[in-house]
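Below are the structure tokens for one structure; questions will follow.
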Amino acid sequence: MNISVIGCGYLGAVHAACMAEIGHTVVGVDVDEEKVGLLSAGQAPFHEPDFEELLARNVDAGRLRFTTDFAEVADSQVHFIGVGTPEAADGSADMTYMTSAVQSLLPHLGKAERPSIVVGKSTVPVGTADSIEDAVVEAGGILIWNPEFLRESFAVQDTLRPDRLVYGVSKDEERAQVSQDILDEVYANIIGAGVVRLVMDFPTAELVKVSANSFLATKISFINAMAEICDATGADVTKLAEAIGMDDRIGKKFLRAGIGYGGGCLPKDTRAFQARTEQLGLHSLDFLTAINEINDRRRNHAAELAIEALGGDVAGKKIAILGAAFKPNSDDMRNSPALDIAKKLADAGATVVVTDPAAGPVLQRKRPEITVAADAHDAINNSEVTLLLTEWDVFKNLDPTTLAPANKIIIDGRNALDPQVWKDAGWDYYGMGRS
Ligand code: UGA
């Protein structure tokens with residue numbers, strides 16, 4: 001099948017490569033010439049496990065190409081829209097890229113032999129699909145909403161074998177059926193492997209996405225609130241999480257207390273969802289304010305712990321920060337808790353040195369004001385305090401006896417280390433809710 005993917009960021013580029021991998025002929029469209037150039041050469045513009053091989057293989061096989069020219073989508077029967085919906089100043093979703101993608105696509109619809117479908121994948125405020133549908137239909141297409149649940153650092157796996165597929169379909173029964181049949185054909189390989197497909201209306205599909213992310217954020221802030229209580233009472237949040245997580249109704253995942261969530265999705269989506277419900281006159285999501293406040297407090301807490309560990313004054317002191325990406329196996333630094341904490345310490349006068357296996361080189365290129373060390377040993381050398389803020393394996397596996405800091409103080413912002421190993425090596429260990 002001929003497929004176009006509009007928007008080649010994280011979501012779109014991975015989706016395009018995965019669609020080619022399952023046998024489709026795919027064109028990815030993006031306004032960013034540099035990105036299109038890299039992708040066309042089979043080079044990943046971001047660090048994502050397994051992605052570059054997949055990309056290069058499909059570009060080489062001639063099944064996948066990238067362009068800045070919208071006219072090249074005309075042959076496609078299926079158009080995925082995966083543009084970003086960043087956070088606007090008031091917390092709502094900025095729909096500029098979405099509106100522009102739809103406008104650019106409309107003149108090219110209705111030209112394929114069979115009906116063409118427009119598949120919304122971007123995370124949008126509830127009501128968006130309803131507001132776009134008429135224009136798509138008038139242009140000769142059919143709209144279907146198919147939210148994306150991929151996690152960065154597992155993006156390929158999550159796209160090829162998602163937990164579920166969600167289809168939001170039109171109220172018009174015929175359009176609903178035709179769009180569903182075509183999307184089933186696109187995903188035949190995935191559905192054939194047993195992935196469940198859930199069909200619902202447009203608003204429900206839109207809400208599934210933002211409610212899932214809000215639930216995940218809530219789960220993380222819940223365990224971080226428990227961490228605060230554990231710190232005050234001498235309890236251990238890692239044991240608490242293990243024990244409550246064994247109850248199937250609660251589940252073990254996303255109960256890792258630490259410096260909280262960051263990235264391009266959870267912080268933005270919770271705020272946009274709340275802003276949208278307020279526009280609808282609802283206060284149902286007021287609690288998300290508290291969820292985000294808990295999250296912000298974790299970052300302050302980690303920075304304050306470092307300052308306290310140095311007697312309240314960090315001016316001119318070398319602080320080693322292990323991690324810059326918002327999570328391991330990624331070089332994405334959007335709303336990164338690690339970078340935020342590094343900035344708080346730099347603002348307090350510390351000489352901050354950051355290291356990160358994938359985000360480090362990007363940081364060095366894009367933020368020359370930040371000192372980036374080649375590796376953890378280099379960063380920790382002569383440092384007065386060390387903070388582990390992104391739990392890369394290379395940091396988790398560090399042997400504390402081989403490090404040469406000025407002070408053996410480690411703040412484990414992700415509860416990723418074995419405290420006993422570090423204490424045995426003579427370090428003062430501070431965890432999050434487990435001190
Ligand atoms: C998130 C969702 O997990 C995906 O399902 C969704 O598709 C995606 O957003 C999106 O909307 O596109 P992602 O942003 O890649 O995926 O990252 P997560 O794995 O959710 O992690 C988010 C943050 O939470 C990270 O900073 C991570 O370190 C933190 N986290 C996660 C915790 O602090 N504790 C945990 O127990 C789990």
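The values are calculated or read from the model by the stated rules, or taken from the named source; none is laboratory data. The shown structure was predicted, so the numbers you read here are calculated from the model rather than taken from an experiment. Cβ coordinates were reconstructed from backbone atoms using ideal geometry, including for glycine residues, and neighbour counts include every protein chain displayed. Calculation scope for accessible area: heavy atoms of the full protein, side chains included, ligands and nucleic acids excluded. Shrake-Rupley method; radii C 1.70, N 1.55, O 1.52, S 1.80 Å.
Counting only residues that are in a loop (DSSP other than H, G, I, E, B) and under 17 Å from residue 306 (Cα atoms), which one in the range 382-396 is farthest from the ligand (Cβ to nearest atom)?
Ranking the qualifying residues of the range 382-396, first place goes to 382.
Then there is this: Identify all residues within the range 276-286 that are away from the ligand (no atom under 16 Å from the Cβ) and either in a loop (DSSP other than H, G, I, E, B) or under 21 Å from the mean Cα position of the chain (by Cα) (or both); write none if there are none.
280, 281, 282, 283, 284, 285, 286
Taking the range 303-348, which residues are surrounded by fewer than 21 Cβ atoms within 10 Å (Cβ to Cβ), at positive phi and among the small types (Gly, Ala, Ser)?
Matches in the range 303-348: 311, 312, 316.
Have a look at 379, 406, 374 and point out the one that is in contact (Cβ under 8 Å) with a residue 40 or more places away in the chain and assigned to a loop (DSSP other than H, G, I, E, B).
Values: 379 fails: assigned to a loop (DSSP other than H, G, I, E, B); 374 fails: in contact (Cβ under 8 Å) with a residue 40 or more places away in the chain.
The unique qualifying residue is 406.
On the given criteria, is residue 38 of a type in the set (A, V, I, L, M), within 18 Å of residue 189 (Cα to Cα) and more than 20 Å from the chain's Cα centre (by Cα)?
no
Suppose we filter 172, 158 for residues that are among the charged types (D, E, K, R), at pLDDT 95 or above and touching a Lys or Arg at 6+ places or on another chain (Cβ under 7 Å); which single one remains? Can you show your working first?
Working: 172 fails: touching a Lys or Arg at 6+ places or on another chain (Cβ under 7 Å).
It is 158.
One line per residue, one yes/no per condition, for (1) closer than 30 Å to residue 46 by Cβ; (2) in contact with a strand residue (DSSP E or B) (Cβ under 7 Å, 6 or more places away or on another chain):
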{"position": "137", "(1), (2)": "no, no"}
{"position": "155", "(1), (2)": "yes, no"}
{"position": "172", "(1), (2)": "no, no"}
{"position": "180", "(1), (2)": "no, yes"}
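Please report, ordered by residue number, the strands (runs of 3 or more DSSP E) entirely within the range 4-113 with at least 2 residues that are surrounded by fewer than 20 Cβ atoms within 10 Å (Cβ to Cβ).
Here the list reads 64-67.
The conditions are (1) open to solvent by 40 Å² or more (accessible area, probe 1.4 Å); (2) away from the ligand (no atom under 16 Å from the Cβ); (3) under 18 Å from residue 211 (Cα atoms), and residue 149 fails exactly one of them. Which is it?
(2)
Moving on to the next point. So which pairs qualify, if the first residue must be in the range 127-155 and touching a residue at least 40 places away in the same chain (Cβ under 8 Å), the second must be in a loop (DSSP other than H, G, I, E, B) and of a type in the set (A, V, I, L, M), the Cβ gap must be under 7 Å, and the two must be at least 6 apart or on different chains?
Sorted first by the residue in the range 127-155, then by its partner, the pairs are 141/109.
Let me ask something else. I need the full set of residues from the range 401-415 which are farther than 25 Å from residue 257 by Cα and of a type outside the set (A, V, I, L, M, F, W, C), in order please. Walk me through it before giving the result.
Restricting attention to the range 401-415, the residues satisfying the condition of being farther than 25 Å from residue 257 by Cα are 401-407.
Answer for the range 401-415, where residues must be farther than 25 Å from residue 257 by Cα and of a type outside the set (A, V, I, L, M, F, W, C): 401, 402, 405, 407.
Right, something else. Does at least one position in the range 249-271 carry a residue that is touching a residue at least 12 places away in the same chain (Cβ under 8 Å), more than 11 Å from the ligand (Cβ to nearest atom) and in a helix (DSSP H, G or I)?
Yes: one or more hits.
Quick check on the range 416-430. Is at least one of its residues out of contact with any helix residue (DSSP H, G or I) (no Cβ under 8 Å at 6 or more places or on another chain), in a helix (DSSP H, G or I) and under 16 Å from residue 320 (Cβ atoms)?
no
Does residue 199 fit the bill of being of a type in the set (Val, Ile, Thr) and surrounded by fewer than 21 Cβ atoms within 10 Å (Cβ to Cβ)?
yes
Then there is this: Can you pull out every residue in the range 188-217 that is within 16 Å of the ligand (Cβ to nearest atom) and in a loop (DSSP other than H, G, I, E, B)?
Residue satisfying the conditions is 195 alone.
If residue 242 satisfies all but one of (1) without any contact (Cβ under 8 Å) to a residue 12 or more places away in the chain; (2) in a loop (DSSP other than H, G, I, E, B); (3) within 15 Å of the ligand (Cβ to nearest atom), what's the number of the condition it fails?
(2)
Quick test for you: out of 347, 399, 340, pick the one residue that is among the charged types (D, E, K, R) and within 16 Å of the ligand (Cβ to nearest atom).
After ruling out the rest, the residue left standing is 340.
The rows are residues; the columns are (1) polar (S, T, N, Q); (2) open to solvent by 70 Å² or more (accessible area, probe 1.4 Å).
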{"site": "210", "(1), (2)": "no, no"}
{"site": "226", "(1), (2)": "no, no"}
{"site": "248", "(1), (2)": "no, yes"}
{"site": "276", "(1), (2)": "no, no"}
{"site": "284", "(1), (2)": "yes, yes"}
{"site": "288", "(1), (2)": "no, no"}
